[in-house]
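Reading through the structure tokens given below for one structure.
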Amino acid sequence: MKKPSHHLLSGVSLAVIMASGQAVAADSIAEALETGKAYGDFRLRYENVEQDNAREDANALTIRSRLGYTTGEVSGLSATLEFEDSRVVAGQDEYSLPGPGEYSVIADPETTEVDQGYLQYKTDMLTIKGGRQVLTLDNHRFIGHVGWRQDRQTFDALSAVVTPVENLTLTYAYLDQRNRILAEAADINSKDHLFNAVFTTPFGKLVGYAYLLEVDQSTDNALDTYGFSFNGSADLDAMKVLYGFEYATQESDDGTDEFDADYMLVEGGVVLSGITLKAGYEVLGSDDGDYGFSTPLATLHKFNGWSDQFLSTPAQGLVDMYFSAGGSIAGGNWAIVYHEFEADDASDTVDDLGDELNLLFATKFGKNYNAGIKYAMYSAGDEGANKVDTDKLWVWVGASF
């Protein structure tokens, strides 16, 4: 079972308790426990992966169970404890985890862990959390929970969210450990500082951020990203117009080499007769073909195609031009997304990075249940890119209580 990091939880828990400025009596603790809420979330999923390489096709049937309890509030204080378990069902485990293996990769290890365990102090203006927690910022492009995988990403952290004035939200978090999606063995001790400011205007949300990442190891290293985004919409007769822009710059220092790269996203769309149409142009830049812009804490599955070909940005960078359509049908939601990939800094052997088609139908039924089917078809580009044709299929049912 995954344990909280060696020193963070006790320290930040004490800090959160002290933030209330008053002792909590035994009868208040009893009241908090009595007025709390238990919850559960379950997902049974089948995944199939077929790739045009020497590996065998992969098949996995897994169930993810998440059980938690949140106490009632006492003087603004509450606590949450949540466990997560992922298991293979009916012996359907013909798949490999990342690394060498007989089968194609499905990144869902069997594991049992403390998914969340934190104390929270909350007022009308301020929320402080100390301990293991889910932390997401903006659209998950830089900081996310990777909730698509059965073992989602959490952080051992101290986080604070404050709204000093109307329409302004400020977030700071210090991350002591990154609890990644491949169970305890893949976790990383860190010294990460996250700064995020959101200002809501009549025309959209303006966001500024600085994400200063450092792996806690014996060598000096840094991955510093500074950026801003603006996203909004406007009604135009019977049509809604969508627009967005984002830019960031990144400095990477691994103790040996230093690199710089830029990020840019331009996106536009319309909502008409219940159908949402979007087009986007995203660039994860390259430093002269030697380094690609990196987002290691993102919910990467959400971006650059669901077949997960670009969980790490190629050294040549990545340009993703995409088109999407989505709407509602038969009590559920459908989506179609098409991606064209190419290198930002092309070489003689790497320019065309392929294309991908994504299809989705997901629905909710009853009060607590959901189901869906999703498909990704990636067609490889230049041979030098070291990619192969890949098809992935997912079918799932879920329940939340």
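The values are calculated or read from the model by the stated rules, or taken from the named source; none is laboratory data. Keep in mind that what you see is a predicted model, and the values were worked out from it rather than measured. Cβ sites come from the backbone with ideal geometry, for glycine too, and all protein chains shown count toward neighbours. Each accessible area value is taken on the protein alone, full model and side chains, heavy atoms only, with ligands, DNA and RNA left out. Shrake-Rupley method; radii C 1.70, N 1.55, O 1.52, S 1.80 Å.
Points to keep in mind about this one:
- Qualifying positions in segment 137-176 - closer than 18 Å to residue 188 by Cβ, touching a Phe, Trp or Tyr at 6+ places or on another chain (Cβ under 8 Å) and open to solvent by 30 Å² or more (accessible area, probe 1.4 Å): 158
- Of all residues in segment 351-361, exactly one satisfies the criterion of being in contact with a helix residue (DSSP H, G or I) (Cβ under 8 Å, 6 or more places away or on another chain) and either modelled with pLDDT under 95 or open to solvent by 30 Å² or more (accessible area, probe 1.4 Å) (or both), namely 352.
- The set of residues in segment 164-176 that are assigned to a strand (DSSP E or B) and either within 16 Å of the chain's Cα centre (by Cα) or more than 28 Å from residue 106 (Cα to Cα) (or both) comprises 164, 165, 168, 169, 170, 171, 172, 173, 174, 175.
- Matching residues, segment 21-52, being exposed (fewer than 11 other Cβ atoms within 10 Å of the Cβ) and at pLDDT 95 or above: 37, 38
- Residue 60 farther than 21 Å from residue 161 by Cβ, buried (at least 17 other Cβ atoms within 10 Å of the Cβ) and within 19 Å of the chain's Cα centre (by Cα): no
- Residue count, segment 210-262 (criterion: at pLDDT 95 or above, of a type outside the set (D, E, K, R), farther than 26 Å from residue 344 by Cβ and open to solvent by 30 Å² or more (accessible area, probe 1.4 Å)): 4
- Residues satisfying the stated conditions in segment 177-209, i.e. assigned to a helix (DSSP H, G or I) and either open to solvent by less than 20 Å² (accessible area, probe 1.4 Å) or free of Cβ contacts under 8 Å to residues at least 60 places away in the same chain (or both): 185, 186
- Within segment 110-136, restricting attention to residues that are part of a loop (DSSP other than H, G, I, E, B) and open to solvent by 30 Å² or more (accessible area, probe 1.4 Å), the residue that is nearest to residue 263 (Cα to Cα) is 136.
- When each of 107, 79 is tested for being out of contact with any His (no Cβ under 9 Å at 6 or more places or on another chain), assigned to a loop (DSSP other than H, G, I, E, B) and of a type outside the set (Asp, Glu), the lone residue that passes is 107.
- Test: residue in segment 279-295 that is assigned to a loop (DSSP other than H, G, I, E, B) and under 22 Å from residue 149 (Cβ atoms): yes
- Listed by first and then second residue, the pairs with beta-carbon distance under 6 Å, at least 6 apart or on different chains, first residue in segment 296-312 and β-branched (Val, Ile, Thr), second assigned to a loop (DSSP other than H, G, I, E, B), are 299/140; 299/144; 299/146.
- Selection within segment 362-389 - surrounded by fewer than 16 Cβ atoms within 10 Å (Cβ to Cβ) and in a loop (DSSP other than H, G, I, E, B): 366, 367, 368, 386, 389
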